[in-house]
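Written out below as structure tokens is the structure these notes cover.
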């Protein structure tokens, strides 16, 4: 995506040619060029957990799984907020 944007901004290719060459959807490229969508934007909802909380949950679940202990969704939420 970044290469396609650079090619269009540097006038090396047209939008249509950049879309074909870099296999990027035309509409997506146009929205990023117009500034309606951030260049590094990810699709979907923002994460409910911070990176630190997510890492803590992953470590905890791996530890529990290695001991053969299962737990549910509400227990996971308690671990994240603690």
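Just so it is clear, none of the values below were taken in a lab; they were calculated from the coordinates. These figures come from a predicted structure and were not determined experimentally. Using ideal geometry, Cβ is built from the backbone for each residue, glycine included, and neighbour counts are taken over all protein chains shown.
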Could you give the length gained on full extension between residue 59 and residue 75, defined as 0.36 nm per residue of separation minus the Cα-Cα distance, in nm?
-> 4.3 nm
Report which label in (i) 36, 33, 19; (ii) 57, 23, 17; (iii) 49, 46, 22 holds the value of Cα extents along the principal axes in Å derived from the coordinates of this structure.
-> (ii)
Any idea how far apart residue 66 and residue 9 come out in nm if each label point goes 7 Å out from Cα toward Cβ?
-> 4.5
At R0 = 25 Å the Cβ-Cβ FRET efficiency linking residue 27 and residue 2, nearest 0.05, sits at 0.90
24, 8 arranged by Cβ crowding within 10 Å, fewest neighbours leading = 24, 8
Taking the Cα atoms only, what angle lies between the long axis of helix 51-66 and the longest principal axis of the chain, rounded to 10 degrees?
-> 50
